[in-house]
Amino acid sequence: MCGIGGIFHRNAHQPIDPQLLVNMAAIQSHRGPDNFGYANPRGMGMGMSHARLSIIDLDENRGRQPLASEDGDFWLVHNGEFYDYQRIRADLTAMGNRFTTKSDSEIVLHLYPRYGLEKTLEYLRGEFAFALFDRRKDSLFLVRDRFGIKPLYWTETAGGIVYGSELKVLFAHPEVTRRLSAESTYHQLIQVMVPGTTAFEGVHQVPPGQLIKIQRKDNRLFVSQQKYWDIDFPVAGEYVNHRDESYYIEGVREQLLEAVQLRLEADVPVGCYLSGGIDSCSILGLCAAIRQDPVKAFTIGFDNSDYDETPIAREMAQMTAADQLVLSLSAEHLYENFSRTLWHTERTVYNTLAVAKLLMSEAVTKNHYKVVLTGEGSDELFAGYPAFRQDMFLYGLDDLPVSLRSQWQASLEASNSLFRGAMLPREAFSSASMNAVVGFTPTCIQNWLHCHDYAMQLLNPEWRRQLDDYDAGDAIAATFDRGQLDGRHPLDKAQYVWIKTMLEGQILTWGGDRVDMANSMEARPAFLDHHLARFATQVPPQLRIKGDTEKYVLREAMKGLLPETLYKRQKFAFMAPPAHTDRHKWRLFTDLFQAYASRDKVEAAGLMDYQAIQALIDGHEDPAMDLGVKVQLDAVLNHVLGVQMLHEQLVAQDIPALAARRAEELNWLI
């Protein structure tokens, strides 16, 4: 697991400054502190750099990247992990290929010339983002894993293409423009982003399951995008079969066990994240059964019992004889590290869970671990979120009696009262564009689309006029593949929309890679194994949510290793206590506004309306305000603070100079 960066010029003979490449590695040294590498072969107009976190093949020289084929025709820089690489390497060796490293990354350089990129991707299993240069085709390929676990950004400059694992890697290049736009700022304020975009104008993400091809001809670059994988639910009628529950329960158990076992492969110790949810408890239970030694488990605890899951996590740790570390976090921990977290997330966050997870990864690193297995992806595959149950009740059970529908709905709302205004909308919101593309407006994005009026008030007057007719629901829905929605069950559609928006844009960024790699720690989400995902899509909706029980098939598959209290409990959203939950948190929160969103700073940035910000803060302090409104406003105010921090850290600050200083501090000099 590492950080990558690179440059691809329009003119193959235009030189690339090697120190610039190294600076691009240095500014992401938190992703790979163990060593760095770069390559800018003469006459190719192409340069790559790499900051390495050594996990597979610890030999410092042998595992160093970028990697090149023996004939120099193919060049690779890779971030992430390819699982089952030993078997693939052995198969290729038997066919005559000769490997120079023991790194999983090298398999791409042998698969690609033999099979081409499309077939190569079928072999790759895991979380990854890589750049591959083909000198024969004079083309650069930017490839991202199927769910977007690993990040990869790119932008176009006057000279060519610049890419990297983080935005600050691109911004280390002096020709890259750093500017927040009206649309990007608006989307930061409403939480949900348009897939493929970032907070910065002209800077793109490689979408999950897709690749970007940049071909050079006659000093011109031709950019194209290709999808190689997508989450694919069957059309509704295909679920009708004669398989019983046991087939799906046993299949989920078998597929998850294989995914976990593959992800325990490393040349360094591997631990587990452990909360009080079925997902992480299942991962720990399987790891403990596979391993010969006790598993190190890391748990976040909060100072508010309404949000704290440590009791169940402790019970699970005791059941598995895990060596558990509980990191107890206070308001000071969360708000004193808010700005530091935004530097790494490079997008706004609606809850300080992002900060908590950054502090957790720091604790993992301090305990001399580089790798943990996590439970992300389970809710997406097995319909765990409360929003999915609501959509199932509303749209997926046509024959459900009205009385039972009302009973289940009431139970859902009661068990998620703390999260109304975040995980569940405080009131229904309908988007005409979503309705046209999906068939309804999925619950998971209703609350955020409902923030439209807040966001418009907060933008500066010129941007408000510019976005007067803007429809966020339309912009987001336009990115969906209708072929993956038409004819699908409503629950499948709701899960598809979440996977395309909240999973990649939130769970795997400010809840995943960015706060994990901030402290040189690799997280491996076993549930997002694409073989497991393929099986999970075949599970009938009525077994993902059976009655009012979410993740039914997973519960049954893991029943033997879960504490009884957890097996019987409804899904509990994992969030940090919001600022409104006590006066001390609120004071620390408003102190941050004084530091980053004072009148002078807001007006200097020119992005938002200070009076509108102050009006929201004043309104939030009204003790008579509805709790759902407070939860929603807490999220919006977190985003306001985040926008100001992004401007201060990534626009106002001289990033190219910062990257150069960082290289000097590390002595990464050419």
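Kindly indicate the residue of the range 225-262 that is hydroxyl-bearing (Ser, Thr, Tyr) and in a helix (DSSP H, G or I) and also nearest to SER184 (Cα to Cα) among those meeting that condition. Show your work before the answer.
First, pick out the residues of the range 225-262 that are hydroxyl-bearing (Ser, Thr, Tyr): 228, 239, 246-248.
When the remaining residues are screened for being in a helix (DSSP H, G or I), the result is 239, 246-248.
On the way: TYR239: 40, SER246: 47, TYR247: 45, TYR248: 42 Å.
The qualifying residue nearest to SER184 (Cα to Cα) is TYR239.
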For this session: Kindly indicate the residue of the range 300-319 that is more than 22 Å from LYS551 (Cα to Cα) and among the polar types (S, T, N, Q) and also most open to solvent (accessible area, probe 1.4 Å) among those meeting that condition.
Result: GLN318
Exercise. Among the residues of the range 208-224, is any within 17 Å of the chain's Cα centre (by Cα) and not in a strand (DSSP E or B)?
Worked result: yes
For this session: Check the range 379-399 and report whether any residue there is surrounded by fewer than 18 Cβ atoms within 10 Å (Cβ to Cβ) and under 25 Å from the mean Cα position of the chain (by Cα).
Result: no
For this session: Pull up the range 304-321, narrow it to residues that are in a loop (DSSP other than H, G, I, E, B), touching a residue at least 40 places away in the same chain (Cβ under 8 Å) and in contact with a Pro (Cβ under 6 Å, 6 or more places away or on another chain), then point me to the one that is farthest from VAL515 (Cα to Cα).
Result: ASN304
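State all residues of the range 602-619 that are open to solvent by less than 80 Å² (accessible area, probe 1.4 Å) and of a type in the set (D, E, K, R); if no residue qualifies, say none. Spell out how you get there, then give the answer.
If we filter the range 602-619 for residues that are open to solvent by less than 80 Å² (accessible area, probe 1.4 Å), which is where we start, we get 602, 605-610, 612-617, 619.
Once the filter is applied, which keeps residues that are open to solvent by less than 80 Å² (accessible area, probe 1.4 Å) and of a type in the set (D, E, K, R), the range 602-619 yields only ASP609.
Might you check whether a residue that is surrounded by 20 or more Cβ atoms within 10 Å (Cβ to Cβ), of a type outside the set (A, V, I, L, M, F, W, C), out of contact with any helix residue (DSSP H, G or I) (no Cβ under 9 Å at 6 or more places or on another chain) and within 28 Å of ASP634 (Cα to Cα) occurs anywhere in the range 320-337?
No: the range 320-337 contains no residue that is surrounded by 20 or more Cβ atoms within 10 Å (Cβ to Cβ), of a type outside the set (A, V, I, L, M, F, W, C), out of contact with any helix residue (DSSP H, G or I) (no Cβ under 9 Å at 6 or more places or on another chain) and within 28 Å of ASP634 (Cα to Cα).
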Exercise. Give me the pairs: first residue in the range 93-122 and open to solvent by 80 Å² or more (accessible area, probe 1.4 Å), second residue β-branched (Val, Ile, Thr), beta-carbon distance under 8 Å, and six or more apart or on different chains, which are they?
Worked result: LYS102/ILE56
Exercise. Which one of the conditions (1) open to solvent by 10 Å² or more (accessible area, probe 1.4 Å); (2) hydrophobic (A, V, I, L, M, F, W, C); (3) under 30 Å from LEU491 (Cα atoms) does ALA289 fail to meet, given that it meets all the rest?
Worked result: (3)
Exercise. What tally of residues in the range 409-432 results from selecting those that are under 28 Å from the mean Cα position of the chain (by Cα), closer than 22 Å to TYR552 by Cα and open to solvent by 70 Å² or more (accessible area, probe 1.4 Å)?
Worked result: 1
Exercise. With respect to SER406, is the statement that it is surrounded by fewer than 21 Cβ atoms within 10 Å (Cβ to Cβ) and within 17 Å of GLY547 (Cβ to Cβ) true?
Worked result: yes
For this session: Scan the range 184-198 and report the pairs whose first residue is without any contact (Cβ under 8 Å) to a residue 24 or more places away in the chain and whose second residue is assigned to a helix (DSSP H, G or I), with Cβ atoms within less than 7 Å and a gap of 6+ or a chain change.
Result: THR197/SER184
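From the list TYR307, TYR350, TYR335, exactly one residue is among the hydroxyl-bearing types (Ser, Thr, Tyr), within 19 Å of the chain's Cα centre (by Cα) and under 24 Å from VAL629 (Cα atoms). Which is it?
TYR350
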Exercise. For the range 140-194, what are the residues that are closer than 15 Å to VAL651 by Cα and β-branched (Val, Ile, Thr)?
Worked result: VAL169, VAL176, THR177, THR185
Problem set entry | Of the criteria (1) more than 24 Å from LEU121 (Cα to Cα); (2) part of a helix (DSSP H, G or I), which one GLY483 fails | (1)
Exercise. Is it true that LEU532 is open to solvent by less than 10 Å² (accessible area, probe 1.4 Å), touching a residue at least 12 places away in the same chain (Cβ under 8 Å) and either over 28 Å from LYS546 (Cα atoms) or acidic (Asp, Glu) (or both)?
Worked result: no
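The values are calculated or read from the model by the stated rules, or taken from the named source; none is laboratory data. Note that the structure is predicted; figures quoted are calculated from it, not measured. Cβ sites come from the backbone with ideal geometry, for glycine too, and all protein chains shown count toward neighbours. Ligands, DNA and RNA are excluded from the accessible area calculation, which covers all protein heavy atoms including side chains. Shrake-Rupley method; radii C 1.70, N 1.55, O 1.52, S 1.80 Å.
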